[in-house]
């Protein structure tokens, strides 16, 4: 039994810029700020220290104390990124979800980029399906929507600089944080 969620947005920027910003591990904490019971991303890194690539493992540390390992199954610049969560679920999420995967589809549209973010959860059992659908699905879908809105704001306005950009000039990092939204 699977549950799917989806969110979509159009960003006024070229597809390569949107794609590159969205796959940069340093940007994920600024983008995925969580919602209600859905934890925020605190950090994300690849285990090999390289930029994201197919077959790389990305470790995502969340505000609930979990550390999710994701394998990048598809990375085709600038049209698709797909990943599967392979370990690190923490209860109560672990009691409900057997596995999960995400796919971001990027499409050049007029003078911008349309992103469709699909997510699929495989439930542990029929009871977990009912609980997840009633309690978690809407919150997760809202967290997806907020993430895409954050991406839109950061790419279109340039409000957020990566810490490496500001520290290279000796400035204090003034990036937005999840608590400032």
(message) If the elastic network links every pair of Cα atoms under 10 Å, which of 17, 58, 145 fluctuates the most in the Gaussian network model of the chain?
(response) 17
(request) Arrange 120, 70 by Cβ neighbour counts within 10 Å, fewest through most, would you? (result) 120, 70
(request) Round to a whole angstrom and tell me the spacing of the C-alpha centers of the stretch 31-67 and the stretch 84-136. (result) 14
(message) Over all directions, the average projected area of the alpha-carbon convex hull for the chain comes to how many nm²?
(response) 10.3
(request) Give the calculated FRET efficiency between residue 133 and residue 63 to the nearest 0.05, with a Förster radius of 30 Å applied to their Cβ-Cβ distance. (result) 0.80
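Read-outs throughout are calculated quantities, based only on the coordinates presented, and are distinct from any laboratory measurement. This structure is a prediction, so every number in the text was calculated from the model and none was measured. Note that we place each Cβ from the backbone using ideal geometry, even for glycine, and neighbour counts take in every protein chain shown.
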